[in-house]
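Below is one structure, written out as structure tokens; the observations come after it.
The values are calculated or read from the model by the stated rules, or taken from the named source; none is laboratory data. Just so it is clear, the model here is predicted, and its values are computed rather than measured. Cβ atoms come from the backbone with ideal geometry, glycine included; neighbour counts cover every protein chain shown. Calculation scope for accessible area: heavy atoms of the full protein, side chains included, ligands and nucleic acids excluded. Shrake-Rupley method; radii C 1.70, N 1.55, O 1.52, S 1.80 Å.
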Amino acid sequence: MLHGKHILVGITGGIAAYKVCTLVRDLKKAGADVKVVMTEAATRFVTPLTYSALSGNPVLSGLWALDQSTRSDIGTRHVDLANWADVYVIAPASANTIAKLTYGLTDNLLTIIALASRGPIALAPTMDADMYVNPVTQQNITKLRERGYFIIPPEEGEHASGLRGPGRLPEIDTIVRQIEAILARTHLDLKAKSILVTAGPTYEAIDPVRFVGNRSSGKMGFALAHAAALRGADVTLIAGPVHLETPRNVHRIDVESAEQMHRAVLKHVRQADAVIMAAAVADYAPQSAASGKIKKKHGKDALPLRLISTPDVLGALGRKKNGRVLVGFALETENALRHATEKLKKKNLDLIVLNSLADKGAGFGGDTNVVTIIDRNGKAEKLPLMSKFDVANEILNRLTKLL
Ligand code: CTP
């Protein structure tokens, strides 16, 4: 798995920097081509010479890393390194570097490469327990995770300071296994393919304040957009109202209602090789939205709400397929397989993903899901409980074969 892979290791300032010597050695032993970039603070803990000897490549550190101002590639070196890496692993990732990455600060080579990179980036947050559990650090990590950074969770235990708690660098074997797992999910098999993904709920206005909506969090659709972008696709994500960060290298368009989602999909579908409708589009919307806030009334029929059907976006795409691969989602509570298969046929889809409401770890809001994927021949495969990112890759594995 690691043989011949280009692995860029970013090292920030922290006592755990010494453990990364073993990581560099193990990656190299496994046949990977390893390059190391260090922050200035990291060089205070372990000298670049050590990593250079272990990796067999010159170590880059500081903003003017090469210190050879006569070289013509000095201004583009960060981009070259970002493109070179099959995966960029930042370990240990200090609280300071995590904060810089969250806000796009680029005052050293390590963070510049991260901002310039289109490939997978993994972070191993490593710091004293109090710094790790601080809400600022936790919020930064959450933002980066939503944007598509892989987070290698720290271990609990005793720190150099004597404190106990989370924030220790995981065992090197654990980090190596995570790198292998990332590489396995980021083959560039969707390069030059254009994929349109929809995600989240839609809100249908009752008046300027109230709406009819649903509980979709958008996480499944965002995971699909993220996974497709990491596999090299050109991804457009049309998102209903959700509270999620945009995954890296994804073009996001925000909409609110089913009508707006319909229009946005029609506008962007032409260049798409595949459309994945993960959005929970409202099937009904109030016939008309009041222009002012509706005042409170009392009594049994205080506010009759007349609902009309919204446009069936996926149904419309199925009627005019033009060779496109279409993937839909279904949520059923009775005769689930039969209803989902009927939906696939009715909407002329290639795949339909049946969401479970009954299984533990499935459904709205969570980071895991349990789904059954059904194809045009009626073949149904129930997948075990897995993260939404892994479910996304399972869907993409099947979609790639149809392109
Ligand atoms: N969909 C759509 N436009 C709508 C409604 C749904 O494109 N107005 C898409 C969804 O994104 C999803 C699939 O169609 O991919 C779901 O089909 P749908 O028939 O709406 O499923 P349910 O809402 O579960 O239908 P029903 O209530 O009939 O079971």
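Results for (1) buried (at least 21 other Cβ atoms within 10 Å of the Cβ); (2) assigned by TED's automatic domain parsing to the domain that holds Ala227; (3) among the aromatic types (Phe, Trp, Tyr), shown as yes or no for each residue.
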position	(1), (2), (3)
Ala95	yes, no, no
Tyr103	no, no, yes
Ala116	no, no, no
Arg145	no, no, no
Glu155	no, no, no
Ile179	yes, no, no
Ala205	no, yes, no
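Among the candidates Arg263, Arg231, Arg270, the residue that is within 16 Å of the ligand (Cβ to nearest atom), more than 21 Å from Ile141 (Cα to Cα) and of a type in the set (Lys, Arg) is uniquely Arg263.
Filtering segment 55-78 for residues that are modelled with pLDDT under 95, crowded, with 20+ Cβ neighbours inside 10 Å and part of a helix (DSSP H, G or I) leaves a non-empty set. Of all residues in segment 337-365, those satisfying the criterion of being more than 10 Å from the ligand (Cβ to nearest atom), in contact (Cβ under 8 Å) with a residue 24 or more places away in the chain and either in a helix (DSSP H, G or I) or more than 15 Å from Leu383 (Cβ to Cβ) (or both) are Leu337, Thr341, Asn348, Asp350, Leu357, Phe364, Gly365. Here Thr246 meets each of (1) in the same structural domain as Leu305 (by TED's automatic domain parsing); (2) of a type outside the set (A, V, I, L, M, F, W, C); (3) part of a strand (DSSP E or B); (4) more than 16 Å from the ligand (Cβ to nearest atom) with one exception, condition (3).
Restricting attention to segment 309-336, which residues are within 12 Å of the ligand (Cβ to nearest atom), of a type outside the set (D, E, K, R), modelled with pLDDT of 90 or more and open to solvent by 50 Å² or more (accessible area, probe 1.4 Å)? Within segment 309-336, Ser309, Leu331, Asn335 meet the criteria.
No other residue among Ala302, Ala282 is away from the ligand (no atom under 12 Å from the Cβ), assigned to a loop (DSSP other than H, G, I, E, B) and of a type in the set (A, V, I, L, M) apart from Ala302.
Applying a threshold of 8 Å to beta carbon distances and a minimum spacing of six or more residues, or different chains, the list of pairs starting in segment 188-216 at a residue that is over 13 Å from Ala282 (Cα atoms) and ending at one that is open to solvent by 40 Å² or more (accessible area, probe 1.4 Å) and not in a loop (DSSP other than H, G, I, E, B) reads Ala192/Asp234; Lys193/Asp234; Ser194/Asp234; Ile195/Asp234; Ile206/Val212.
Looking at segment 167-190, which of its residues are in a loop (DSSP other than H, G, I, E, B) and of a type in the set (Val, Ile, Thr)?
Across segment 167-190, the qualifying residue is only Thr186.
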